[in-house]
Amino acid sequence: MIVVIGGGVVGLACGLSVARRKRAVCVIERHARAGQESSTHNSGVIHAGLYHPLTSLKTRLCHEGRERLYAFCDDHGVPHLRCGKLIVAGPGDESSLDELIRNAEANGANLHEVDLGFVRDREPHVAATRAAWSPDTGWLDADAYVQRLAAELERHGGVLLRGTPATAVTHRPGGLAVTTPRETIDAEIVVNAAGLWAHQISAMAGGEPFVIYPCRGEYAELAPHARSRVRGLVYPVPHPSGHGLGVHLTRTATGAVWIGPTIRYQNDPADYERDRLPLDAFVEPTRRLLPSVTLADLRLGGSGIRAKLHPPGERFADFLIRRDARVPHLIHAAGIDSPGLTASLAIGEYVADIAVGR
């Protein structure tokens, strides 16, 4: 038996990949419904692999996962759009846009500069001094994707135990034992896909230490009367801090337009609401993309928390996907922040290769 701890998109994708290889697998999820944390508290963007270093797992698995994800959505009726993304530069952003285009080209991603006529035709209300277009970027309904992953896992013989936290992970001959409030499950391999709690699972199992830094992102939305001003995905040039892609505009399949996320490191991995930003804090960052916006055009949206492996003073950390250095029966799939949703199916295959081989 292989036990996956965590029923978000990564844990479900790992479980599905193992189940497809005809191995017994059980995914345990502490919430009553799968995917209730980072997996569904995000922009839902399908990324093209523009931003991260060529040699990183983030880039490799984003490229592999993107086409798998589009195919999965097509095959299983998950609402999605292959709508492309416009990245716009304002005054002073030109060199950063050039750097982004060079990085995308090195990664083998399709990103090319477009003229301002293209911007006006596609997004007439958006401001730009220069812009680039990513045709492979898209959007999906993340909750629908989670539920289809869960259904496919079970269809292939895997087990999903909802409302089942791991309370202990102990060593036994030939593997590990995962204790829950109801039972103890003997496991040949344990996959740690516990998201914001992955470092605690590693410590519980006697694995190597690492730190997950919770990072909250908050959203506003355009009010219904203002939604027609945005037709697709509009991003700024990434912020030099490297902590995020900047407050961007995401039009969903239902016509809603999300604004965000912001970025703030915090200590509590479960605090989505305390000290939320006031609505007027979104006016200026939205106006950088959409100058006509006023406070009356906005309303508050949701929030999400990313599981980062690097502290505020650092710019980049790759996914942690490998066997634990101390406990060979433990495999980590940790620190899966963006582009983890896009990469999820490729992460599942990568983990299954480590756990059971092809």
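Quick one: would you say A104 is of a type outside the set (F, W, Y) and farther than 19 Å from L289 by Cα? Yes, satisfied.
Selection of first residues in the stretch 151-172 that are over 18 Å from V327 (Cα atoms) and of second residues that are among the hydroxyl-bearing types (S, T, Y) and assigned to a helix (DSSP H, G or I), restricted to Cβ pairs under 7 Å at least 6 apart or on distinct chains, gives an empty result.
A quick yes/no check of all residues on (1) open to solvent by 10 Å² or more (accessible area, probe 1.4 Å); (2) not in a loop (DSSP other than H, G, I, E, B):
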{"position": "R30", "(1), (2)": "yes, no"}
{"position": "G35", "(1), (2)": "no, no"}
{"position": "S38", "(1), (2)": "yes, no"}
{"position": "T55", "(1), (2)": "yes, no"}
{"position": "R60", "(1), (2)": "yes, yes"}
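Here the stretch 199-213 is the region considered, the condition is being in a helix (DSSP H, G or I) and over 23 Å from the mean Cα position of the chain (by Cα), and the residue that is farthest from T167 (Cα to Cα) is A203.
Taking V191, is it within 29 Å of G11 (Cα to Cα), in contact (Cβ under 8 Å) with a residue 12 or more places away in the chain and open to solvent by 30 Å² or more (accessible area, probe 1.4 Å)? No, not satisfied. Regarding D324, is this residue under 28 Å from A24 (Cα atoms), in contact with a Ser or Thr (Cβ under 8 Å, 6 or more places away or on another chain) and not basic (K, R)? For D324, the condition - under 28 Å from A24 (Cα atoms), in contact with a Ser or Thr (Cβ under 8 Å, 6 or more places away or on another chain) and not basic (K, R) - is met.
Inspect all residues belonging to the stretch 265-272 and state whether any of them is at pLDDT below 95, farther than 20 Å from G340 by Cα and out of contact with any Lys or Arg (no Cβ under 8 Å at 6 or more places or on another chain).
No.
For the stretch 259-272, indicate whether the set of residues that are open to solvent by 60 Å² or more (accessible area, probe 1.4 Å) and more than 21 Å from the chain's Cα centre (by Cα) is non-empty. Looking through the stretch 259-272, none of the residues is open to solvent by 60 Å² or more (accessible area, probe 1.4 Å) and more than 21 Å from the chain's Cα centre (by Cα). Would you check which residues across the stretch 62-95 are open to solvent by less than 30 Å² (accessible area, probe 1.4 Å), over 17 Å from the mean Cα position of the chain (by Cα) and over 16 Å from Y235 (Cβ atoms) and list them? Listed by number, the list is empty, since nothing qualifies.
Every listed requirement among (1) in contact with a Leu (Cβ under 6 Å, 6 or more places away or on another chain); (2) modelled with pLDDT under 95 is met by G90 save one, (1). Among the residues of the stretch 96-111, which ones are open to solvent by less than 30 Å² (accessible area, probe 1.4 Å) and among the polar types (S, T, N, Q)? The answer is N107, and nothing else.
The values are calculated or read from the model by the stated rules, or taken from the named source; none is laboratory data. These numbers were taken from a predicted model, which means no experiment stands behind them. With ideal geometry, Cβ positions are generated from the backbone for all residues, glycine too; neighbour counts draw on all protein chains shown. In case anyone asks, the SASA skips ligands and DNA or RNA and just uses the protein heavy atoms, side chains included. Shrake-Rupley method; radii C 1.70, N 1.55, O 1.52, S 1.80 Å.
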